[in-house]
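Input: a single structure, listed below in structure tokens.
The values are calculated or read from the model by the stated rules, or taken from the named source; none is laboratory data. Quick caveat: nothing in here was measured; it's all calculated off a predicted structure. In this analysis, Cβ positions are derived from the backbone assuming ideal geometry, glycine residues included, and neighbour counts consider all displayed protein chains.
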Amino acid sequence: MESGWLFTNILAVTGVVYGWMNPYYGLMVYYCFSILRPTMLWFWSDWPTERYSFYLALTVLIGWVFKGFGEWSGLRGVWLPVFGLALYLFAGVFTWRFTAISAPRAWHFLYPQLTVGIMILATISLVRSEKEIRTFAWVILLSLGYLAWVFNSQYYFDGWNRVYWNGFGGIDNNGVAMIMVTGIAPAFFLGVLAKRQWVRGLCFFMALLLMHVILFSFSRGGQLGLAIVFFGIIFIALFQLPRKGLTLLLAGMFAILAFNFAGAEVRDEFWSIFVDAEDRDASAASRFDTWSAAWRCMKDHPMGVGARNFNLISQYYGLSRNKSVHNLFLQTGADYGFAGMFGLIIFYLGSIINAYFMTRTATAKKLVWPRYYGHVTCLSLGGLLVCSTFIGMESVEVGYLIAMLGMCTTAYVYRIEASHKVELPGQLPEMEQVSLPDPYGEVTTA
């Protein structure tokens, strides 16, 4: 508790004091808190931490203004997801002002989304160098890894499955599982890129912690997302890493550990996804009912009924009152209308598509690390989208963080490529200065 108090307050104070001079530092502290949520992580304390994130965001935005709103040149590969996000947020504002059933409720849920939009603009204009991008990736991974460590400690040492019974940060076990799924790919690929053995071991250890949280969350969507990310990592590793035998060995070890940790109850929960309709349990069947209800609401209200306002009228579509839609995009469609739903789809798919094509460029192959960050973006967001089929949690910020990591990496690679467009591929001065003379120099010592 005391260490948590020191960690939270030291980071918050230095972030607020120093952030207006160096908004990048304040931004990293802000994103760390957005994952850890100190007030809810150490909920038994009476620390006045509720407004820390607000002060950090305000400080970052002040520093951003002082820096002339960052640097907006060389942002190729960013504008498609930014357009999708703008469409999504515009639809939310429109429904709040004109079609919301309850405008105050709509604003309550829209406000955090608008904050995310502003912070994304600040991020893509401030996070531009290789060092800044790498630090951003480690902030995401270490924050997720620490959160997984806390949940595992409570599960093993306190006998309390906090994730399953209480969720975390205002979201249920399905939302927590979705957050953990997004951390698997960063843990694996940052571990592969690590030069020091202890760093590599730490990354793989965090991957196991994240995986175990997903298992004891008893979230079918989380388990399916984990399976998709796991097989995606194997597929990419077999084609990208030099030691395919070692890759298969590691994959087999992870699979055995996952199967062993899961137990019969978790395995039965997972396979219930694929049972016939008449054999589904009430929880699984209710998901299909909410999907159908949301679709009917979208046809009745194509402009949307306001952020999280579908819950106010869910009883008119055959559901219980205040029932949420167990699908991110259908929940968004019911609340923000068709425009908002397509905007969110464009944001996530645009981030994935741009990151994928970035990994295919000669520049990314030469620099090496951007390819791995691109794979992180594709697999993490892919796992998140699979999980979001079973849960509607637009307020989970880690998906936006992964998308931003991909956008910043993509823009960086295209800037390097554009700055040397008159050079031959093998004569790129900046690339020759990179500390990776061999494309697989960091992984061949594994």
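Descriptive notes on the structure:
- Lone unmet requirement of (1) at pLDDT 90 or above; (2) farther than 19 Å from Gly117 by Cα; (3) β-branched (Val, Ile, Thr) for Val16: (1)
- Thr115 farther than 30 Å from Pro370 by Cα, part of a helix (DSSP H, G or I) and β-branched (Val, Ile, Thr): no
- Filtered by the rule that a residue be polar (S, T, N, Q) and surrounded by 17 or more Cβ atoms within 10 Å (Cβ to Cβ), the stretch 116-142 gives Thr123, Ser125.
- Within the stretch 349-363, the residues that satisfy the criterion of being among the aliphatic types (A, V, I, L, M) and either modelled with pLDDT of 95 or more or within 21 Å of Ile234 (Cβ to Cβ) (or both) are Leu349, Ile352, Ile353, Ala355, Met358.
- Condition check for Gly350: assigned by TED's automatic domain parsing to the domain that holds Ala91, within 18 Å of the chain's Cα centre (by Cα), crowded, with 19+ Cβ neighbours inside 10 Å and over 26 Å from Phe90 (Cα atoms): no
- Checking each residue in the stretch 375-417 for being in contact with a His (Cβ under 9 Å, 6 or more places away or on another chain) and hydroxyl-bearing (Ser, Thr, Tyr) picks out only Thr389.
- Among residues of the stretch 6-21 that are within 26 Å of Phe69 (Cβ to Cβ), those with a beta-carbon under 7 Å from a residue that is at pLDDT 85 or above and surrounded by fewer than 17 Cβ atoms within 10 Å (Cβ to Cβ) at least six positions away or on a different chain give the pairs Val16/Tyr55; Trp20/Ile62; Trp20/Phe66.
- Extreme residue, farthest from the chain's Cα centre (by Cα), among residues of the stretch 361-394 that are assigned to a loop (DSSP other than H, G, I, E, B) and over 30 Å from Val325 (Cβ atoms): Thr361
- For the stretch 397-404, the criterion of being touching a residue at least 40 places away in the same chain (Cβ under 8 Å), more than 30 Å from Lys323 (Cβ to Cβ) and not polar (S, T, N, Q) is met by at least one residue.
- Failed criterion for Met358 (all others in (1) closer than 25 Å to Gly222 by Cβ; (2) in a helix (DSSP H, G or I); (3) of a type outside the set (Gly, Ala, Ser) hold): (1)
- The residues listed here are Arg105, Arg76; of these, the one that is in a loop (DSSP other than H, G, I, E, B), of a type in the set (D, E, K, R) and in contact (Cβ under 8 Å) with a residue 12 or more places away in the chain is Arg76.
- Breaking point among (1) of a type in the set (A, V, I, L, M); (2) touching a Pro at 6+ places or on another chain (Cβ under 9 Å); (3) modelled with pLDDT of 95 or more, for Met341: (2)
- Any hit, the stretch 153-172, residues being within 13 Å of the chain's Cα centre (by Cα) and either outside the structural domain of Cys378 (by TED's automatic domain parsing) or part of a helix (DSSP H, G or I) (or both): no
- Flag: Val376 does not match the condition of being modelled with pLDDT under 95 and either in contact with a helix residue (DSSP H, G or I) (Cβ under 7 Å, 6 or more places away or on another chain) or on the phi > 0 side of the Ramachandran plot (or both).
- Among the residues examined, Phe231 qualifies as at pLDDT 85 or above, in a helix (DSSP H, G or I), surrounded by fewer than 14 Cβ atoms within 10 Å (Cβ to Cβ) and assigned by TED's automatic domain parsing to the domain that holds His375.
- Which listed residue, of Leu226, Leu312, is under 21 Å from the mean Cα position of the chain (by Cα), under 30 Å from Asp335 (Cα atoms) and either assigned to a helix (DSSP H, G or I) or modelled with pLDDT of 90 or more (or both): Leu226
- Residue in the stretch 62-73 that is assigned to a helix (DSSP H, G or I), among the aliphatic types (A, V, I, L, M) and either touching a strand residue (DSSP E or B) at 6+ places or on another chain (Cβ under 8 Å) or in contact (Cβ under 8 Å) with a residue 60 or more places away in the chain (or both) present: no
- Restricting attention to the stretch 317-338, the residues that are surrounded by fewer than 19 Cβ atoms within 10 Å (Cβ to Cβ) and either touching a strand residue (DSSP E or B) at 6+ places or on another chain (Cβ under 9 Å) or at pLDDT 95 or above (or both) total 1.
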